[in-house]
Amino acid sequence: MECGEDGDLKGNDVDIRQDDPTAPYVADLLAHHLEELRSVMGEHAQALDASGLSAASVTFWTAWQGDLLVGFGALKQLDATHGELKSMRAAPSARRTGAGRAILNHIIAKGRERGYARLSLETGTAPLHVPAVALYRSAGFVSCEPFADYQASPHNQFMSLDLSNKF
């Protein structure tokens with residue numbers, strides 16, 4: 001993937017691979033992800049651990065630049081027409097390189113391939129979530145009401161992307 005003037009990757013390919021969230025090479029980045037979220041959201045953190053990301057309803061991908069793990073993300077099937085973006089994370093060393101956008105674009109494409117009419121996500125409201133929310137909005141996600149079994153709190157927000165009329 002080579003991207004243009006919007007600050008994304010320039011000549012650095014990102015390889016997105018369906019993967020195993022319990023793989024040893026995922027452990028450190030996943031632990032960082034969970035620890036960081038829990039440090040600002042406490043019991044309101046909704047991120048899945050390796051066991052949750054291994055559920056049959058969840059597909060997990062890793063993102064690589066060469067032999068360097070630069071991020072991961074997952075897609076959970078809520079029903080036949082609705083998917084949930086889960087556990088998107090760019091490695092700290094890969095922030096602002098386009099790795100997050102590459103993962104997000106891949107998950108959106110997979111949602112379309114599956115025939116989903118909508119993708120939804122839950123994310124936090126802390127300052128550390130601002131870049132992720134900006135990324136989601138730039139991809140067309142808009143604020144929405146809680147979905148699935150989520151409950152609104154001051155610590156979370158909900159977004160969705162309508163896939164029904166996009167090709």
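Values for this structure:
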| quantity | calculated |
| --- | --- |
| Hey, residue 109 more than 18 Å from residue 33 (Cβ to Cβ) and in contact with a Phe, Trp or Tyr (Cβ under 8 Å, 6 or more places away or on another chain) or not | no |
| Considering residues of region 72-81 that are closer than 23 Å to residue 129 by Cβ and in contact (Cβ under 8 Å) with a residue 24 or more places away in the chain only, the residue surrounded by the fewest Cβ atoms within 10 Å (Cβ to Cβ) | 78 |
| First in region 55-71 and open to solvent by 30 Å² or more (accessible area, probe 1.4 Å), second anywhere and in a strand (DSSP E or B) and among the basic types (Lys, Arg), Cβ under 6 Å, 6 or more apart | 57/76 |
| Matching residues, region 115-142, being touching a Ser or Thr at 6+ places or on another chain (Cβ under 8 Å) and of a type outside the set (Phe, Trp, Tyr) | 115, 117, 118, 119, 120, 121, 129, 132, 133, 142 |
| Matching residues in region 18-47 - criterion: being open to solvent by 20 Å² or more (accessible area, probe 1.4 Å), farther than 20 Å from residue 99 by Cβ and touching a residue at least 12 places away in the same chain (Cβ under 8 Å) | 22, 40, 42, 44, 45, 46 |
| Residue that is farthest from the chain's Cα centre (by Cα), among those in region 112-167 that are among the hydroxyl-bearing types (Ser, Thr, Tyr) and open to solvent by less than 20 Å² (accessible area, probe 1.4 Å) | 116 |
| Complete set of residues in region 117-150 that are of a type in the set (S, T, N, Q) and farther than 15 Å from residue 88 by Cβ | 125, 143 |
| Count of region 71-95 residues which are farther than 18 Å from residue 32 by Cα and basic (Lys, Arg) | 1 |
| Residue 79 vs. criteria among the charged types (D, E, K, R) and closer than 23 Å to residue 15 by Cα | no |
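The values are calculated or read from the model by the stated rules, or taken from the named source; none is laboratory data. Owing to the predicted nature of the structure, the values given are computational and were not obtained by experimental measurement. A quick note on method: Cβ atoms are made from the backbone with ideal geometry, for glycine too, and the neighbour counts reach across all protein chains shown. Heavy atoms of the whole protein, side chains included, go into the accessibility calculation; ligands, DNA and RNA do not. Shrake-Rupley method; radii C 1.70, N 1.55, O 1.52, S 1.80 Å.
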